[in-house]
Amino acid sequence: MTTTVRNIPEFTLPDPVHRIGGRATTGAGTETFASTDPTTGRSVADLPAGSVQDVDNAVVAARAQFEDGEWSTMPAAERGKILYRAADLIERDAETLAALEALEMGKLYRDSVAGDIPATAAVFRHFAGWSDKLTGQSASLCDIGDQKRFGFTMRQPLGVVAAITPWNNPAVIAAWKLAPALAAGCTAVVKPAEDASLSTLRLADLLTEAGLPDGVVNVVTGLGPVAGAALAGHPGVDKVSFTGSAAVGRGIHSYAGSTFRKVTLELGGKSPQLIFPDADLDSALPWIAMGNFYHQGQVCAAGTRVIVHESIADKVVDGLVAFAEQAVMGDPFDESSTMGTIVNEKQMNRIMGYIEKGRSEGADLVTGGARLDGPGLFVQPTVFRGHNDLTIAREEIFGPVATVMTFSTPEEAVALANATEFGLNAMVYSSDISRIHSVVEKLRVGMVWVNGWGVPDPALPWGGRGGSGIGRELGRSGIEADTEEKTVHIGYTGL
Ligand code: ADP
């Protein structure tokens, strides 16, 4: 299917059906759901709402490939070659992948084509290189009687990985889950989010084109409570890697707990940006603003609690307000837009509810706060001055809403930063290396950005503490989490 989207001349939609065992299929059920363009309100595609049977078929295909297929046993470097090829193909089709994401969830096309999609390719390239570098340990062991012992460990692929992904960065988050799993020799079933399945389907097709055997990666589109729940609870799955809400993550975790299944859960955040008086504000302010307004704040790592020293609070607020008021909300395909849309009406209502709550709890609305007239789902970037006990400072909004609060001592800054049920990431702005390091040590988070903000890099782990989840993706920890470690003792006698 070829379509023309506003100023995008031409791109091809992937076949909007499941990918199971190497086949594009509408599956066993007849129900469908619509994916909608939040800029125009028009339907983009009707997708099959995967049934329990479809999920079972996908897990069976992944299991069969894992047990009897060639993927997990092929020379690791050969797996790497296929993943390198996949990275090249993702770059080749960057414009299409970016267009699908802009179309389905209103992300700025230029951010996607220059950011998310190259990042997706980079994740595959990074883990392609890991394929043949998973090594174990070795040790001389204690003798037992006359028998000498030598031991080593080997890392073997875990099995079938279930990847349940959110809508906000669909391709790159699918890559975080797939690339290390595939490099390790696992097979996978992906359930993309209802609002943004198409780039994942395209990614699956590119993996096939790169040479991935049938059944290694399967994609079932569908609704969370049906297809997602069936996948998370399927006995043929060895690990569930989930990014999404705490409510769903809690259910996945308790089921995994009763079955001893492995999980990685990334459940969002309410991340602090700590700004000390010695920070270089000219370079810090664009990062602080980006940490709140990039992708309309629909980012797990967003730094929505701006914790600033009282001596520079007015400057920081003025700077944030300037960024907010210069924002151009518009068609994500339009070069002049600096902010796209909110993903769907439900999320828009949630954001507006939080803005109302901020007002009613007495926070000082400095700028923004309004929804623009439709059809597009646009909301103004919003800045409140307030404190850490406000609902808008405690709960994840997933919208462009910053709450600025002040501190007077570094101890107070750290205490405010840690006074949250989340623990995903934090940002620290300062030019004093001792200050930076001593604050970094005390932050109860999985990741800290110093004098900047951005996306995780595949070379180092990503994940949270406390209410932000369990486990790590990316880096050595990420790929090792897709393996089982086996210890081998070899008995031998002397010469
Ligand atoms: P969000 O509120 O950000 O959409 P969700 O946790 O609802 O977060 O969704 C994240 C992913 O989890 C999506 O792919 C969604 O379809 C899926 N999902 C939703 N409900 C469930 C469930 N009960 N079991 C498994 N997956 C689910």
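Nothing in this text is a laboratory measurement; each read-out follows from the coordinates by a stated rule. Nothing here was measured: the structure is a model prediction, and the numbers come from that model. Quick reminder, even Gly has a Cβ in these numbers, built from the backbone with ideal geometry, and neighbours come from all protein chains shown.
Remarks
- Computed over all pairs of different Cα atoms, the Kirkwood value for the hydrodynamic radius of the chain is 23.5 Å.
- Segment 269-308 and segment 431-466: distance between their alpha carbon centers, rounded to Å: 13 Å
- Its Cα gyration tensor gives segment 120-238 an equivalent ellipsoid, and the semi-axes of that ellipsoid, as √(5λ) in whole Å with the largest first, are 36, 17, 11.
- Sequence-distant contacts, meaning Cα pairs under 8 Å at least 6 residues apart, place the relative contact order of the chain at 18 percent.
- Measuring between alpha carbons in the structure, the pairs from K239/K270; K81/K133; K133/K486 lying more than 18 angstrom apart are K239/K270.
- Antiparallel bridge percentage (DSSP; both residues within the chain; nearest 5): 45 percent
- When you count the other C-beta atoms within 10 angstrom of each residue and take the mean per peptide, 74-81, 464-471, 232-239, 124-131 line up highest first as 124-131, 464-471, 232-239, 74-81.
- Protection proxy ranking of 431-443, 204-216, 108-120 - average other beta-carbon atoms within 10 Å, highest first: 108-120, 204-216, 431-443
- Ranked by the mean number of other Cβ atoms within 10 Å of their residues, highest first, the peptides 296-308, 171-183 come out as 171-183, 296-308.
- Aspartates and glutamates whose Cα lies under 13 Å from that of K442, excluding same-chain neighbours fewer than 8 positions away: E411, E412
- The D143 and A77 beta-carbon pair, evaluated with R₀ = 51 Å, returns a calculated FRET efficiency of approximately 0.85.
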